[in-house]
Amino acid sequence: MTKLRVDNIEVEVPDHFTLLQACEAAGAEIPRFCFHERLSIAGNCRMCLVEVKGGPPKPAASCAMGVRDLRPGPNGELPEVFTTTPMVKKAREGVLEFLLINHPLDCPICDQGGECDLQDQAMAFGVDRSRYQENKRAVEDKYIGPLVKTIMTRCIHCTRCVRFTTEVAGISELGLVGRGEDAEITTFLEQAMTSELQGNVIDLCPVGALTSRPYAFQARPWELSKTETVDVMDAVGSAIRVDTRGREVMRILPRTNDEINEEWISDKTRFVWDGLRTQRLDQPYVRQDGRLRPASWAEAFAAIKARVEGVDGSRIGAIAGDLAAVEEMWALKRLMAELGSTSLDCRQDGAQLDPANGRASYLFNTTIAGIEDADALLIIGANPRFEASVLNARIRKRWRLGGFPIGVIGEAIDLRYDTTYLGAGSDTLLDIEGASKGFFDALMAAERPMIILGQGPLAGRDGAGVLAAVAALARQVGAVSEGWNGFNVLHTAASRVGGLDIGFVPGGAGQDFAAMASGGVDVLFNLGADEVDVSAGPFVVYIGTHGDRGAHRADVILPGAAYTEKSGTWINVEGRAQIGSRASFPPGDAREDWAILRALSAVLGRTLPFDSLAALRRDLYQSHPWMQSDFIEPSDPSGILALADRATTLSGLSFSSPIGDFYLTNPIARASKVMAECSQLAHDAQLEAAE
C-alpha cells in the first residue's frame with residue numbers, strides 16, 4: 001500500500017494504482033477519454049492532467065503515472081497531488097479546445113447526445129468559445145458491419161475501440177492508420193467486424209463516432225424507461241439493462257457485474273431486441289381441420305380439458321425450453337404432479353445430466369470469476385466463443401496474464417487465444433498423454449487445473465459415459481481437491497441449471513423427452529421448446545412467445561411472455577440465482593407463463609396452491625430456500641468422485657459444439673432481422689475462407 005495526499009486529503013491505495021485511480025479513491029473527479037479500467041493504458045487524450053508537487057513544472061497525465069512513481073518531500077512528507085489548481089484548470093481547457101478543433105457541431109442530431117462523455121466534459125471542464133476559425137477536418141465513414149455505425153469525423157482517437165478488440169475480443173479488427181491530421185480509425189481493408197463482442201465498442205466510445213446501427217435515430221435516452229434485469233441468450237446470466245419506450249424494447253445495454261460479465265455483453269444479447277417485436281404470438285390458437293385458427297382463452301382451455309380428461313397420468317408429459325424461468329417450470333412440474341405424471345424433461349437437446357448425481361455434476365464449479373485463479377485448462381467438446389462469449393473473454397483475460405496452458409479436445413476452432421489441439425474425441429480423452437505429453441504434464445503439474453465439458457458430448461452417444469470419463473480425468477489431474485473444484489459443465493441454455501435444480505427430469509417410470517416426442521405420451525405440454533421435433537402422435541399444448549417450430553407443431557397455442565416481459569428467476573451456469581425484472585408487457589392477449597398454467601390448472605380441476613407470483617415463489621422457496629438470494633450455494637464434490645468410479649471405456653466418439661450458428665440459437669434470435677443479417681455475413685465469411 002502507498003500513502004499520498006490528494007487535494008490535502010490523505011489516502012492509502014494499493015501500489016499498482018495509477019494517480020487517476022488514487023485521486024478517485026480520494027473523492028476527486030478526474031475527466032478522461034482514453035483511460036478505461038479494463039483496458040491497457042494509452043495516455044493519448046491528455047484530459048486527466050493533474051499537478052504533482054515537486055514534479056516537473058507542467059501537468060502530468062494521471063492515467064500513465066503510478067503512485068509508486070511519486071517521491072516524498074525533502075523532509076519525508078507524503079507525496080502530494082492537486083486536481084483543481086489553476087494550472088490543471090487551464091490545461092484541461094486547452095486539451096478540450098484542441099479536441100474540439102475538428103469535432104463537428106452536430107450534437108442535436110447525434111445518437112450519443114444526452115449520454116456523451118465529450119459533451120459532459122466540455123460543459124464541466126471546457127470554455128465557451130474557441131480561438132480556431134479554420135475549416136474542420138472531415139473523415140470518410142467506414143462500413144464495419146450491420147451492428148456498429150461509424151461517423152468518424154467525430155472520432156478523437158482515444159483508441160478505446162482498438163484496445164478492446166485486440167485485448168478483450170481477441171482479434172485485431174480495428175486499428176489506427178496515418179499520422180497527425182491524417183490519422184483514422186478503420187478496419188483492415190474496410191471489412192465488416194466478425195467478433196461476437198464487437199457491440200461493446202459502442203459503450204466504450206466516449207463520443208458519437210461509434211454508435212448502434214439498429215438503434216440509430218430510434219429514441220433519445222431521456223425518453224426511455226430503464227429496467228435492470230438478466231440476459232437469457234446463453235447460460236452466463238449477464239447483467240443487462242433493458243430500455244423501453246411505452247411497450248416496446250428499444251435497446252439492451254450491459255450492467256457492471258464483476259462476478260459474471262464485468263461490463264461486457266455479447267452481440268446476440270445486445271441486438272436481439274428487434275426479435276421481441278416480430279412473429280409474436282399474441283392470442284391463443286386451436287388446431288381445427290388441420291389448421292390453426294385464432295381462439296379465445298376459454299376455447300383453448302376447453303380444447304385442452306377435452307383432450308386431457310380420461311388420459312392416464314403416465315401418458316401425459318412436459319418439456320421445458322431453453323429460455324424458461326424457474327417459476328413457470330415449477331408451476332408446470334406441480335401441474336404434472338397433480339395430473340399424475342412423472343414424465344418431465346428440461347433437457348430438450350438430450351444432454352445426459354441428472355441431478356441425482358449431485359449438483360456439482362452439472363455446474364460450472366470454478367465459477368466465472370474463479371477462471372482467473374486457474375493455472376491450466378482443458379476444453380472438451382465445447383466452443384465457449386459461441387456458447388458463452390463473455391465467459392470466453394474471461395478465459396482470454398486469464399490467458400493474457402501468462403502461465404495458462406489451454407488444451408482442446410473436439411473441433412479445431414479459433415477461440416481467440418492460443419490452444420494446444422489434442423484430438424477430436426473419446427480416444428484422445430482417454431489418452432491425453434499420448435496426444436500431447438507436454439500439455440498433459442502441465443495439466444498434472446497445475447495447482448488449480450480446470451476442465452470445461454460442453455453440451456455436445458453430453459447430448460451425443462453415451463453422454464453419461466463421457467461425463468463419467470471426464471470426472472475420472474478431473475480426479476486424476478487433481479481438479480477436484482480441498483478448496484478447489486475445477487470440474488465444469490458449460491451449459492448453453494439459460495433454463496437448464498434451474499430445471500435440474502428443481503428436478504424437472506423424469507422420475508420413477510417417467511419418460512425422457514426423446515421417448516415422449518416419439519409417441520410415448522398422448523398429451524405433451526411444451527413450455528417454449530423450439531429446438532426439437534415431435535412426432536405426429538401426441539396432442540401438443542405449446543406455451544411460448546414466437547411462431548417458431550414449437551408453435552407450428554402445436555395443437556393448442558397459449559401465448560406467453562418473453563424474458564423482458566415478466567419477472568422470473570434464472571440460475572446461471574455457475575449456480576447463481578438471479579431475478580430478472582419485467583421491463584414491458586406481453587403483446588395482445590399474451591400472459592405470463594406461470595399465470596397461464598395457474599389458470600389452466602383450475603379449468604382441469606387441479607388448482608395449483610398459489611394465485612400470485614409472490615405465492616408461487618413462497619412455495620418454491622420452501623423446497624429451495626437458496627434461490628431467494630444472488631448467492632452461489634456451495635456444492636458437494638462427492639458426486640463428481642462417485643461419477644468417476646463409474647467410468648468405462650469409450651471409443652469412436654467425436655466431440656463437437658451444439659451451436660451451429662451463434663446468431664440463431666433461439667426463437668427470439670431467429671425472429672430478429674439484425675441477427676439474420678449477422679448470420680448471413682458469418683456464413684458468407686465461412687464460404688470465402690473455405691474457397
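Counting only DSSP beta bridges with both residues in the chain, what percent are antiparallel, rounded to the nearest 5?
Working: 46 of 80 bridges.
Of all bridge pairs located within the chain, approximately 60 percent are antiparallel.
Quick one: Karplus J couplings for region 54-65, per residue in order, coefficients 6.51, -1.76, 1.60, θ = phi - 60°, nearest Hz, x for Gly and Pro?
Once θ is set to phi - 60°, the couplings for region 54-65 become x, x, x, x, 7, x, 10, 6, 5, 6, 9, 10 Hz.
Any idea of Asp462's accessible area? Nearest 10 Å², probe 1.4 Å.
Counting only protein heavy atoms, Asp462 exposes about 70 Å² to solvent.
On average, how much accessible surface per residue is there in region 540-629, in Å², for a 1.4 Å probe, leaving out ligands, DNA and RNA?
Result: 32 Å² of accessible area for each residue.
With all protein chains present, how much of the accessible area of region 2-84 (probe radius 1.4 Å) comes from carbon and sulfur, to the nearest whole percent? Present the calculation step by step, with values, prior to reporting the outcome.
Details: 1970 of 4070 Å².
It is 48 percent, rounded to a whole number.
Give, rounded to the nearest 20 debye, the magnitude of the charge dipole that region 2-84 has about its Cα centre when Lys and Arg contribute +1 at Cβ and Asp and Glu contribute -1 at Cβ. Please list the in-between numbers first.
On the way: 9 positive and 11 negative charges, 62 e Å.
Result for region 2-84 is approximately 300 debye, rounded to the nearest 20.
If you roll a 1.4 angstrom probe over the protein chains with everything in place, what fraction of the accessible area of region 283-391 belongs to carbon and sulfur, to the nearest %? The partial results should precede the final answer.
Details: 1590 of 3490 Å².
Heavy-atom surface of region 283-391 belonging to carbon and sulfur, 1.4 Å probe: 46 percent.
Considering the alpha-carbon set of the chain alone, what are its Rg and its Dmax in angstrom?
When restricted to Cα atoms, the chain yields Rg and Dmax of 27.8, 95 Å.
Tell me which residues come under 5 Å, amide H to amide H, from Ala583 once H is placed; ignore anything under 5 positions away on its chain.
Amide H neighbours of Ala583: Glu565, Lys566.
Whose amide H sits under 5 Å from the amide H of Ala324, counting only residues 5 or more places off or on another chain, with H placed in the peptide plane?
Amide H to amide H, under 5 Å and 5 or more residues apart or across chains, Ala324 pairs with Ser495.
Working out 0.36 nm times the residue gap between Glu184 and Asp661, then minus their Cα-Cα distance, what length gain in nm do you get to one decimal?
Numbers: separation 477, 0.36 × 477 = 171.72 nm, distance 3.30 nm.
Here the segment from Glu184 to Asp661 would lengthen by 168.4 nm.
Where does helix 613-623 land angle-wise versus the long Cα axis of the chain, in degrees 0 to 90, nearest 10?
80 degrees
As a check on your grasp of the helix formula, calculate [θ] at 222 nm for the chain: sum -39500 (n - 2.57) over DSSP H runs of n ≥ 4, divide by the residue count, round to the nearest 500.
Details: 22 runs with 185 residues, N = 691.
Mean residue ellipticity, 222 nm, calculated: -7500 deg cm²/dmol.
Please report the antiparallel percentage of DSSP beta bridges with both residues in region 2-84, rounded to the nearest 5.
Numbers: 10 of 12 bridges.
Just about 85 percent of them are antiparallel.
Put Cys678, Cys107 in order of accessible area, largest first, 1.4 Å probe: what do you get? Before the final figure, lay out the partial values.
Values: Cys678 10, Cys107 65 Å².
My answer, sorted largest first, is Cys107, Cys678.
If each Cα of region 2-84 is one equal point scatterer, what is log10 of I(q)/I(0) from the Debye formula at q = 0.12, 0.25, 0.27 Å⁻¹?
Log10 I(q)/I(0), no solvent term: -0.30, -1.31, -1.51.
So how strong a dipole does the chain carry about its Cα centre when Lys and Arg Cβ are +1 and Asp and Glu Cβ are -1, to the nearest 20 debye?
On the way: 69 positive and 92 negative charges, 219 e Å.
The calculated dipole for the chain is roughly 1060 debye.
Give me the extension gain from Leu105 to Leu604: residue separation times 0.36 nm, minus the current Cα-Cα distance, reported in nm with one decimal. All intermediate terms of the calculation are to be shown ahead of the outcome.
Details: separation 499, 0.36 × 499 = 179.64 nm, distance 6.51 nm.
Extra length available between Leu105 and Leu604 comes to 173.1 nm.
Could you work out how far apart the two model spin labels at Val311 and Asn75 are, taking each label as a point 7 Å from the Cα in the direction of the beta carbon, and quote it in nm?
Distance between label points: 9.0 nm.
State the answer as a single residue: which of Ala472, Tyr132, Val50 lies farthest towards the positive end of the charge dipole of the chain, with beta carbon charges of +1 for Lys and Arg and -1 for Asp and Glu, about the Cα centre.
Tyr132
Using R₀ = 30 Å, calculate the FRET efficiency as 1/(1 + (r/R₀)^6) where r is the Cβ-Cβ separation of Ala216 and Ser296; round to 0.05.
Numbers: r = 40 Å, r/R0 = 1.35.
Efficiency at R0 = 30 Å is approximately 0.15.
Quick one: if the Förster radius is 51 Å, what FRET efficiency do Val177 and Ala536 give, using the C-beta to C-beta distance and rounding to 0.05? Before the final figure, lay out the partial values.
Values: r = 60 Å, r/R0 = 1.18.
Efficiency, from the Cβ-Cβ distance: 0.25.
Which residues among region 67-104 fall inside the zone where the amide N is under 19 Å from a point 7 Å beyond the Cα of Arg5, along Cα→Cβ?
67-88
In percent, what relative contact order does the chain have, based on Cα pairs under 8 Å that are 6 or more apart in sequence? Kindly include the intermediate steps, with their values, before the conclusion.
Details: 1467 pairs, mean separation 99.7, N = 691.
Dividing the mean separation by the residue count of the chain yields 14 percent.
Roll a 1.4 Å probe over the protein heavy atoms and report the accessible area of Trp626 in Å², nearest 10.
Rounded to the nearest 10, the figure is 40 Å².
HN-Hα J couplings of region 362-371 from phi, Karplus 6.51/-1.76/1.60, θ = phi - 60°, integer Hz, Gly and Pro as x?
Each residue's phi maps through the Karplus curve to give 9, 9, 8, 5, 5, 6, 5, 5, x, 4 Hz.
Counting only heavy atoms of protein chains, what accessible area per residue, in Å², does region 410-501 have with a probe of 1.4 Å?
Values: 3120 Å² over 92 residues.
Spelled out: the 1.4 Å probe surface of region 410-501, per residue, equals 34 Å².
Rounded to whole Hz and in sequence order, give me ³J(HN,Hα) for region 399-413 from the Karplus expression 6.51 cos²θ - 1.76 cosθ + 1.60, θ = phi - 60°, writing x for Gly and Pro.
Along region 399-413, the couplings run 4, 5, 6, x, x, 9, x, 10, x, 10, 10, x, 7, 7, 10 Hz.
What do you get for chymotrypsin sites (Phe, Trp or Tyr not before Pro) in region 75-162 restricted to DSSP loop and a cutoff of at most 14 other Cβ within 10 Å of the site's Cβ?
On the way: sites: Phe82, Phe98, Phe125, Tyr132, Tyr143; in loops: Tyr132, Tyr143.
Qualifying residues, ordered by number: Tyr132, Tyr143.
Counting only heavy atoms of protein chains, what accessible area per residue, in Å², does region 2-84 have with a probe of 1.4 Å?
Values: 4070 Å² over 83 residues.
That works out to 49 Å² per residue.
Based on the Cβ-Cβ distance from Arg461 to Gln686, what FRET efficiency comes out when R0 is 30 Å, to the nearest 0.05?
Working: r = 27 Å, r/R0 = 0.89.
That gives a FRET efficiency of 0.65.
When only the heavy atoms of the protein chains count and the probe is 1.4 Å, how do His552, His103 rank by accessible area, highest first?
Details: His552 130, His103 25 Å².
Correct descending sequence by accessible area is His552, His103.
If DNA, RNA and ligands are ignored and the probe is 1.4 Å, what is the ranking of Leu323, Leu292 by accessible area, most exposed first? Mind dumping the intermediate values first?
Working: Leu323 35, Leu292 60 Å².
From most accessible down to least: Leu292, Leu323.
So if each residue of separation counts as 0.36 nm, and I subtract the Cα-Cα distance between Asp630 and Asp414, what length gain in nm does that give? Write down the numbers at each step before the final one.
Working: separation 216, 0.36 × 216 = 77.76 nm, distance 3.35 nm.
The span from Asp630 to Asp414 would gain 74.4 nm if fully extended.
Roughly how many whole Å is it from the C-alpha centroid of region 484-498 to that of region 252-279?
With region 484-498 and region 252-279 each reduced to a Cα centre, they are spaced 20 Å.
The values are calculated or read from the model by the stated rules, or taken from the named source; none is laboratory data. Since we're looking at a predicted model, the values are computed, not measured. When we count neighbours, we look across all protein chains shown, and the Cβ atoms used for this are built from the backbone with ideal geometry, even at glycine. Just the protein is used for accessible areas: all its heavy atoms, side chains included, with ligands, DNA and RNA removed. Shrake-Rupley method; radii C 1.70, N 1.55, O 1.52, S 1.80 Å.
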